[in-house]
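The values are calculated or read from the model by the stated rules, or taken from the named source; none is laboratory data. Just so you know, these numbers come straight off a predicted model, no measurement behind them. So basically every Cβ, Gly included, is an ideal-geometry build from the backbone, and we count neighbours across all protein chains shown.
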């Protein structure tokens, strides 16, 4: 089983409350543009081992469209055995013809739609929230620098079953471990 979602990371930093000496307001100098890296990921749950996995792809200067969704689904199917149940939102990219054709050709992939306007049910949303919190107040110089900065929090999440389970449990899904 897996939960899929997309997100994006801008060169303009996410601002978060921070510490500073009294009377000294922190100032962040940015690269000054809205260039971004789009990302797609899936948080997966192994049915037998109850182990979680995190699969992710980044796309600099591109929005996630249907071809990127198909590319990511191919990536998932290469790494996951047997039948795969995938829950995702009702995004137009997920309902595109090219994605539907891909799903028809790959019968071991079973996709179910989450209810409309219910991001609180998708644990992968909490993965993105965790990543963005880790990136708060960071000052990437350019897209390659931003991409390098994303690797550390992604690696930390991938390696921590505790953090991944916290994303599952913090969602509003009726879940029992």
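Quick notes on this one:
- Any chance residue 96 is in contact with a helix residue (DSSP H, G or I) (Cβ under 8 Å, 6 or more places away or on another chain) and modelled with pLDDT of 95 or more: yes
- Top-ranked residue of region 104-132 - restricted to ones that are without any contact (Cβ under 8 Å) to a residue 12 or more places away in the chain and outside any loop (DSSP other than H, G, I, E, B), ranked as nearest to the chain's Cα centre (by Cα): 129
- Answer from 139, 92 - the residue that is within 18 Å of the chain's Cα centre (by Cα) and in a loop (DSSP other than H, G, I, E, B): 92
- Filter result (assigned to a helix (DSSP H, G or I) and closer than 22 Å to residue 146 by Cβ) within region 53-68: 68
- Count - residues of region 168-177 that are free of Cβ contacts under 8 Å to residues at least 24 places away in the same chain and either assigned to a helix (DSSP H, G or I) or under 20 Å from residue 62 (Cα atoms) (or both): 1
- A search for C-beta distances below 8 Å between a residue of region 133-153 that is on the phi > 0 side of the Ramachandran plot and at pLDDT below 90 and any residue that is surrounded by 14 or more Cβ atoms within 10 Å (Cβ to Cβ) and part of a loop (DSSP other than H, G, I, E, B), counting only pairs 6+ apart in sequence or on different chains, returns 137/13.
- Unmet criterion (only one of (1) out of contact with any helix residue (DSSP H, G or I) (no Cβ under 6 Å at 6 or more places or on another chain); (2) surrounded by 13 or more Cβ atoms within 10 Å (Cβ to Cβ); (3) closer than 20 Å to residue 59 by Cβ; (4) in contact (Cβ under 8 Å) with a residue 24 or more places away in the chain) for residue 165: (3)
- Some residue of region 62-71 being touching a helix residue (DSSP H, G or I) at 6+ places or on another chain (Cβ under 9 Å), farther than 24 Å from residue 45 by Cβ and without any contact (Cβ under 8 Å) to a residue 24 or more places away in the chain: no
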